[in-house]
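Shown next, in structure tokens, is the structure this report addresses.
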Amino acid sequence: MRVLLISPNRETLPDPVFPIGLAYIASALKEAGHEISVVDLCFTDDIEKTLQSGIFKFKPELIGISIRNIDDVSFPRSISYLPLYRITIDICRKYSDVPIVAGGSGFTILPQEFMETLNIEYGIIGEGESQLLKLIDYLQNGGDLPDSVITTHKPHGIPKTDFRWKNIIPLRNIFSIKDYYEKGGMLNIQTRRGCPFRCIYCSYPLIEGRDIRFREISHVIDEISGIVEQTGVRHFFIVDSIFNHPREYALAFCNEIIKRGLKLSWNCYANPGLMDKELIGAMLRAGCSGVEFGTDSMIDSVLDNLKKGFRYKQVQEVSQLCKQAGLKFCHFCFIGAPGETTDDIKLNIDRLSSLNADSTMLMVGIRIFPNTELFLRAKNELGIHKIGLEPVYYISPYIEENIENIVHEISEEHKDWIFPGFEINYHERLQRLLRKSGIKGSLWEELSKR
């Protein structure tokens with residue numbers, strides 16, 4: 001079957017992100033003998049012309065659309081991506097009458113809502129490498145619709161985790177690696193799927209499941225080595241939900257890079273409660289230039305409410321270890337987390353400041369997703385009974401009325417801290433300026449030098 005894959009993501013903050021999920025899907029389709037073509041809307045100046053050209057040239061029998069994100073999860077200046085998805089679907093309908101299937105992480109969180117709003121024929125809940133192949137088989141040969149595939153007449157499905165993805169190398173060369181590297185500063189690598197942690201707001205377990213499925217480390221490093229040899233790209237971001245768990249796998253990853261003598265620069269997400277001196281040293285020797293900690297708060301009671309599983313003392317210790325070793329680090333924290341009071345915020349900011357992180361990013365409020373513990377809490381505390389495609393945020397009722405003044409005071413005192421929802425040290429002009437000057441890697445590392 002001729003399958004046209006569309007990546008509609010045009011977000012450029014904090015950077016344009018290479019569509020690795022769609023690259024995995026493309027690889028699975030090609031391996032199964034299907035014809036594929038892609039339309040990437042990230043850098044085009046004319047969405048309709050680009051889509052029209054892709055449809056007319058390829059004459060697809062099925063169109064697949066990747067819905068990676070619902071919105072940018074930033075309060076108060078939140079950006080919904082729903083209008084872009086609607087435009088994409090409308091243009092596809094204008095130039096083609098073939099069925100459309102949607103999937104991706106954003107779609108999986110609110111599948112019925114996307115189906116109704118976008119008026120598409122099929123949707124895949126969960127991981128799509130195998131499920132899309134099953135849908136194509138259904139379309140070609142009939143039989144039963146796969147459990148994870150939904151339609152307007154079958155609105156409920158069962159998300160499927162996919163074990164075959166571990167042996168697939170994402171098909172990157174169908175996208176413009178040059179554009180993503182020049183304008184985004186790095187490419188992405190995935191070493192595992194699944195997240196066993198219990199953070200009350202997180203959608204990762206909804207999308208990937210809780211059981212971790214690892215790729216063979218040699219397989220991952222082969223992929224990285226191939227990218228370096230074929231493209232010259234040497235800057236990467238490890239997109240796993242948490243890089244440093246389990247510790248043994250992270251250590252083995254680093255040691256394999258060191259063993260092969262690869263000269264790389266990479267970043268990752270990490271849990272501050274699961275780092276130690278040996279792992280930090282191995283990460284540095286393997287080319288890790290910075291780590292982003294999903295710390296969320298410096299208050300133990302708030303960390304308990306969020307079910308983070310670590311304490312402020314551990315955050316202090318890992319910050320000191322990173323400083324001593326020379327590993328740059330960034331702390332991501334919330335303002336307005338469950339149970340947080342005005343006094344908590346003051347202590348939170350004082351403690352955060354004392355850590356002297358290379359970069360600090362503060363998110364105001366927490367985007368509420370369905371089927372999370374945070375949604376249940378918001379329902380009981382704030383009277384929020386339904387979560388749809390338009391973003392809704394949890395902000396502690398103890399501080400909600402004064403939130404803008406709180407942010408203003410903090411940003412005045414800490415002028416280098418980043419507040420995405422308020423566009424403080426976080427905007428497209430700055431991103432483009434730094435990338436045009438040739439900066440590679442995570443931008444917060446560059447900003448920490450200034």
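The values are calculated or read from the model by the stated rules, or taken from the named source; none is laboratory data. Everything numeric here is computed off the predicted structure, so don't read it as measured data. Cβ: placed from backbone, ideal geometry, glycine included. Neighbour counts: every protein chain shown.
When you scan the range 371-398, how many residues do you find that are polar (S, T, N, Q) and surrounded by fewer than 17 Cβ atoms within 10 Å (Cβ to Cβ)? I'd like the intermediate steps shown before the answer.
Within the range 371-398, the first condition is being polar (S, T, N, Q), and the residues that meet it are 371-372, 380, 396.
From the residues that got through so far, the ones that are surrounded by fewer than 17 Cβ atoms within 10 Å (Cβ to Cβ) too are 371, 380.
Residues that pass the stated criteria total 2.
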Out of all the residues in the range 126-149, which are in a helix (DSSP H, G or I), in contact (Cβ under 8 Å) with a residue 24 or more places away in the chain and either under 19 Å from Thr161 (Cβ atoms) or not polar (S, T, N, Q) (or both)? Glu129, Ser130, Gln131, Leu132, Leu133, Leu135, Ile136, Leu139
Within the range 245-274, track down each residue that is within 20 Å of Glu445 (Cα to Cα) and out of contact with any Ser or Thr (no Cβ under 8 Å at 6 or more places or on another chain). Lys263, Leu264, Cys268, Ala270, Asn271
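Within the range 165-189, which residues are in a loop (DSSP other than H, G, I, E, B) and crowded, with 18+ Cβ neighbours inside 10 Å? Can you show your working first?
Applying the first criterion (in a loop (DSSP other than H, G, I, E, B)) to the range 165-189 yields 168-176, 185-186.
Selection gives Ile168, Pro170, Leu171, Arg172, Ile174, Phe175, Gly185, Met186.
Does Asn244 satisfy the condition of being in a helix (DSSP H, G or I), polar (S, T, N, Q), modelled with pLDDT of 95 or more and under 24 Å from Arg213 (Cα atoms)? Spell out the reasoning first.
Values: in a helix (DSSP H, G or I): no; polar (S, T, N, Q): yes; modelled with pLDDT of 95 or more: yes; under 24 Å from Arg213 (Cα atoms): yes.
It is false that Asn244 is in a helix (DSSP H, G or I), polar (S, T, N, Q), modelled with pLDDT of 95 or more and under 24 Å from Arg213 (Cα atoms).
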Does the range 228-262 hold any residues that are in contact with a strand residue (DSSP E or B) (Cβ under 7 Å, 6 or more places away or on another chain) and aliphatic (A, V, I, L, M), and which are they? Val233, Ile238, Val239, Ile242
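Which of the residues spanning the range 1-29 are among the small types (Gly, Ala, Ser) and within 18 Å of Asp71 (Cα to Cα)? Please lay out each step first, then the result.
Pass one, the range 1-29, residues among the small types (Gly, Ala, Ser): 7, 21, 23, 26-28.
Those that are among the small types (Gly, Ala, Ser) and within 18 Å of Asp71 (Cα to Cα): Ser7, Gly21.
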Close pairs from the range 318-334: first surrounded by fewer than 17 Cβ atoms within 10 Å (Cβ to Cβ), partner at pLDDT 95 or above and in a helix (DSSP H, G or I), Cβ under 8 Å, at least 6 apart: Ala325/Lys277; Ala325/Ile280; Ala325/Gly281; Ala325/Leu284; Gly326/Leu284
Unique residue being without any contact (Cβ under 8 Å) to a residue 60 or more places away in the chain, part of a loop (DSSP other than H, G, I, E, B), closer than 21 Å to Ser66 by Cβ and not assigned by TED's automatic domain parsing to the domain that holds Gly103 when the list is Asp162, Asp211: Asp162
